[in-house]
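The values are calculated or read from the model by the stated rules, or taken from the named source; none is laboratory data. Everything numeric in this text was worked out from a predicted model, so none of it was measured. Glycine also receives a Cβ, built like all others from the backbone with ideal geometry; neighbour counts cover every protein chain displayed. Just the protein is used for accessible areas: all its heavy atoms, side chains included, with ligands, DNA and RNA removed. Shrake-Rupley method; radii C 1.70, N 1.55, O 1.52, S 1.80 Å.
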Amino acid sequence: MKIAGIVAEYNPFHNGHAYHIEKTRDAGATHIVAVMSGNFVQRGEPAILPKPERVRAALEGGADLVLELPLPWAMASAETFAYGAVSILDALGCVDIISFGSEAGDAELLSKAVDALESERFNGLLRVYLDMGISFPDARQRAAREISGSKIASLFETANNTLGIEYLKALRRLCSNIQPFTVKRFGAGHDQDLPVGDIASASAVRRMIHAGRVENTAPYLPLHTRKIIYEALQSGRCPVDVANIERAVLGFMRLLSKEELAALPGISEGLEKRLYDVVRQCGSLEELMFAVKTKRYPLSRIRRLVMAGFLGLKAGYENKQPPYIRVLGLNQRGLEILRLARNSKIPLVSRVSSIEALDDYARVVFNLEARAADLYSLAAPKPIPCGSEYTYKVIKVE
């Protein structure tokens, strides 16, 4: 038995994800556990499909066990996102490899980028560039270039390389025995508008769905994903769209004080003052985002800040591990993984009652999750009743 861990959002599950799982199997993985974001994803938006549909798509697409990455880590910077997910895989105690896609397709090369980040010179150089008003990604890349040269620094130019580097950094931080394995990405790149062959980026697929051109996604989605999407469309559960809760988000943001804004994850250097002023002037989320955005603060960071404010998410989780590992779905091989993970360093749970029996930290995180689910439900074409986190049943696939 060789167990591979995958960190994913499956928003939605497309041909590129199927290819990744296929290549992971080809590398010898007999069992695959996926750590998946819940209702909200890293870019600071609600997932286009509700959680049950995305779990089912993952299982029918080749995953054996689907675990949830809780909200404070799912909707966070790449570093926090990776640390939370890798913490879950490491805690299971039975995962042999972590498999991820990267533009480089070379785990050793990505490891050298981690060396640069952990160099004694790095923090000093980073601070110099940040003080010049340069965005964090650009400052990081310039610091890495001074330490390790242009080849290593260029790795930070693409999203999946950057996330892969964060996975490797998290493995080191946890002193984990999990070995990295990377699949070289091909086809459409991250957020790329145009498909390449039968591979389209998840963002391109989402744009087609939001535009009502679901039939155009057919070449880029496995058959089972298409069926799940069509069923969700017919039942009013898809597409989930932040536009449906735009006024609610704006209204809640207007109620927050400067002190409350200052407590949001990822806020720094007086950004709360700018956000406080702008949110009182703007009548749309797009207007708000572009009014706050600067070279220093990219749109992805602003989106996360705004959504964190709406969901009641505060800073403080960056250096913590998730307090529980929640099982969302599984098949027979997934049961075999769970049997090996009985001594998990983080409690494994499948029922809400099990979470409520844990400590205050666990209950706080789950309450955030439940609140987020209730607000997420309003973004669906047909609002879903409150309490979905309490009634969620583990999805089982034969």
Q. Could you list, in sequence order, the residues of the range 103-116 that are free of Cβ contacts under 8 Å to residues at least 60 places away in the same chain and under 22 Å from the mean Cα position of the chain (by Cα)?
A. Ala113, Val114
Q. What about Ile48, is it over 21 Å from Ser235 (Cβ atoms) and β-branched (Val, Ile, Thr)?
A. no
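Only residues that are small (Gly, Ala, Ser) and open to solvent by 50 Å² or more (accessible area, probe 1.4 Å): list them for the range 341-367, please.
Ser350, Ser353, Ala357
Quick check on the range 29-49. Is at least one of its residues within 30 Å of Gly149 (Cα to Cα) and among the small types (Gly, Ala, Ser)?
no
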Q. In the range 292-313, how many are in a loop (DSSP other than H, G, I, E, B), basic (Lys, Arg) and surrounded by 15 or more Cβ atoms within 10 Å (Cβ to Cβ)?
A. 2
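Here's the yes/no breakdown for (1) in contact with a Phe, Trp or Tyr (Cβ under 7 Å, 6 or more places away or on another chain); (2) crowded, with 19+ Cβ neighbours inside 10 Å; (3) touching a residue at least 40 places away in the same chain (Cβ under 8 Å):
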position	(1), (2), (3)
Ala211	no, no, no
Ile229	no, yes, yes
Cys238	no, yes, yes
Met253	yes, yes, yes
Ser257	no, no, no
Lys273	no, no, no
Gly283	no, no, no
Phe290	no, no, no
Q: Can you tell me which residue among Leu117, Leu130, Leu65, Leu125 is in contact with a strand residue (DSSP E or B) (Cβ under 9 Å, 6 or more places away or on another chain) and surrounded by 18 or more Cβ atoms within 10 Å (Cβ to Cβ)?
A: Leu65
**Q.** Selection count where residues are small (Gly, Ala, Ser) and within 16 Å of Lys23 (Cα to Cα), scope the range 93-124
**A.** 6
**Q.** Output for the range 328-354, where each listed residue is assigned to a strand (DSSP E or B) and of a type in the set (Val, Ile, Thr)
**A.** Val349
Q) Out of (1) under 28 Å from Lys382 (Cα atoms); (2) at pLDDT below 95, the odd one out for Glu60 is which? A) (2)
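Which members of the range 259-271 meet the condition of being in a helix (DSSP H, G or I) and touching a residue at least 40 places away in the same chain (Cβ under 8 Å)? Quick ask: steps written out before the conclusion?
Step one: list which residues in the range 259-271 are in a helix (DSSP H, G or I), which gives 259-262, 271.
Glu260, Leu261, listed by residue number.
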Q: For the range 191-203, state whether one or more residues are open to solvent by 40 Å² or more (accessible area, probe 1.4 Å), modelled with pLDDT of 95 or more and not in a loop (DSSP other than H, G, I, E, B).
A: no
Q) Any residue in the range 151-174 that is open to solvent by 40 Å² or more (accessible area, probe 1.4 Å), part of a helix (DSSP H, G or I) and hydrophobic (A, V, I, L, M, F, W, C)? A) yes
Q) Across the range 45-62, which residue is surrounded by the fewest Cβ atoms within 10 Å (Cβ to Cβ) among those that are under 19 Å from Gly16 (Cα atoms) and in contact with a Phe, Trp or Tyr (Cβ under 6 Å, 6 or more places away or on another chain)? A) Gly61
Q: Exactly one condition in (1) assigned to a helix (DSSP H, G or I); (2) within 30 Å of Val349 (Cα to Cα); (3) open to solvent by 30 Å² or more (accessible area, probe 1.4 Å) is not met by Arg145; state its number.
A: (2)
